[in-house]
1. Can you tell me which residue within the range 29-47, out of those that are free of Cβ contacts under 8 Å to residues at least 40 places away in the same chain and assigned to a helix (DSSP H, G or I), is most open to solvent (accessible area, probe 1.4 Å)?
2. Which one is nearest to Val40 (Cα to Cα), of the residues in the range 143-154 that are at pLDDT below 95 and out of contact with any helix residue (DSSP H, G or I) (no Cβ under 6 Å at 6 or more places or on another chain)?
3. I'm told Tyr259 meets every condition in (1) of a type outside the set (Gly, Ala, Ser); (2) modelled with pLDDT of 95 or more; (3) open to solvent by 70 Å² or more (accessible area, probe 1.4 Å) except one. Can you identify the failing condition by its number?
4. Looking at Ile109, Ile26, Ile76, Ile67, which one is part of a strand (DSSP E or B), at pLDDT 90 or above, over 26 Å from the mean Cα position of the chain (by Cα) and surrounded by 15 or more Cβ atoms within 10 Å (Cβ to Cβ)?
5. Could we say that Ala166 is hydrophobic (A, V, I, L, M, F, W, C), open to solvent by less than 20 Å² (accessible area, probe 1.4 Å) and either modelled with pLDDT of 95 or more or more than 30 Å from Tyr30 (Cα to Cα) (or both) here?
6. Pairs under 8 Å by beta carbon, first residue touching a residue at least 60 places away in the same chain (Cβ under 8 Å) in the range 163-186, partner surrounded by 13 or more Cβ atoms within 10 Å (Cβ to Cβ) and assigned to a helix (DSSP H, G or I), six or more apart or different chains?
7. Name the single residue that is nearest to Met97 (Cα to Cα) among those in the range 48-64 being of a type in the set (D, E, K, R) and part of a loop (DSSP other than H, G, I, E, B).
8. Taking Arg133 as the residue in question, decide whether it is part of a helix (DSSP H, G or I), under 30 Å from Val269 (Cβ atoms) and out of contact with any helix residue (DSSP H, G or I) (no Cβ under 6 Å at 6 or more places or on another chain).
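The values are calculated or read from the model by the stated rules, or taken from the named source; none is laboratory data. Just so it is clear, the model here is predicted, and its values are computed rather than measured. Note that each Cβ is placed from the backbone with ideal geometry, even for glycine, and that neighbours are counted across all protein chains shown. Just so you know, the surface numbers come from the protein's heavy atoms only, side chains and all, with ligands and any DNA or RNA stripped out. Shrake-Rupley method; radii C 1.70, N 1.55, O 1.52, S 1.80 Å.
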Amino acid sequence: MDFKDLNLTELDKYLTEPEREEWQAIYASYRSGSVMHGNVVGVDLHEFSAVPKGKKKAEKLSMRCLIVIPYRVKIIIPETEVFITERSTGYHILHSMYGAKVSYVITHIDREAGFAIASRKIALDKIQHANFRRMANVGERVDVDVLAVGRDICTVTYNGFDVTLAQRDISYVSIEDLHDIMKPGDIRQAVVKEYNPDEKIMRFSIKEATAHPFDGIETRHPLGATRMAKIVGKYAGGVFCRLYDGETNVLCSYLTMQYDGDYKTGDLVEVIIQKYNYDKKQVYGKILRKMSK
């Protein structure tokens, strides 16, 4: 039955107040295109009738959908309605959005079955237009919402723009798995690196919104000081050690009688700070001994 033909007075007669408020917000979004917000709680497969790209006739298509449940009503966002720019979403990106806060506009209501279909794509377009004149300037610090997190990239969203960040945009040091430091739904401060309203391009750096670990190095880790560190990698005979703060790298060499094969990635070691390179913002040291875990 079409939404306009529903007897909402009868259908909503026995709703509790929280249920009534939930449905009222859904009705309002459907009627006026107002933007709603909620957190992703899952990913389901649903079948839709749609016209595949390059074809003229509608077919039954099974597609993954983000699921948002504000209170009791299931909101279904098909993967084709998740992003403005076309991308191959596949399994991983939708499933990496659990817990993310998403915006959406209701496009279909099945009141009797108790669910609604929505479009995040339409919501993003509306948010972009609403904030066109108030968009942040290059160099400004803004709060971005973490939308999806992978092993070495993440996607954040700000004022209707989804921006994918590589590790170099997130941290001054390499992170083995970004899941260890962030998750969907987090809010992070970032510096606006580029904004082109005509091309609808935005770039951010979360890294540049934080202090560089080299700043103040002489006070925290003076020359001649010994520190506990973890070996995080090896390259060209050098050993990359990360201090206990988790963000200061020290490029180390060995003592004369030490053998590289005795030291593995993940080992805790004692290092001595020997030199700073101010141009590269790099710290150099030497491994003194292996420490017990």
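1. Arg31
2. Ranking the qualifying residues of the range 143-154, first place goes to Gly150.
3. Single failed check for Tyr259: (2).
4. Step by step, each of Ile109, Ile26, Ile76, Ile67 is checked, and only Ile109 is part of a strand (DSSP E or B), at pLDDT 90 or above, over 26 Å from the mean Cα position of the chain (by Cα) and surrounded by 15 or more Cβ atoms within 10 Å (Cβ to Cβ).
5. no
6. From residues that are touching a residue at least 60 places away in the same chain (Cβ under 8 Å), the pairs are Ser171/Lys207; Tyr172/Lys207.
7. It comes out as Lys53.
8. So Arg133 fails the test.
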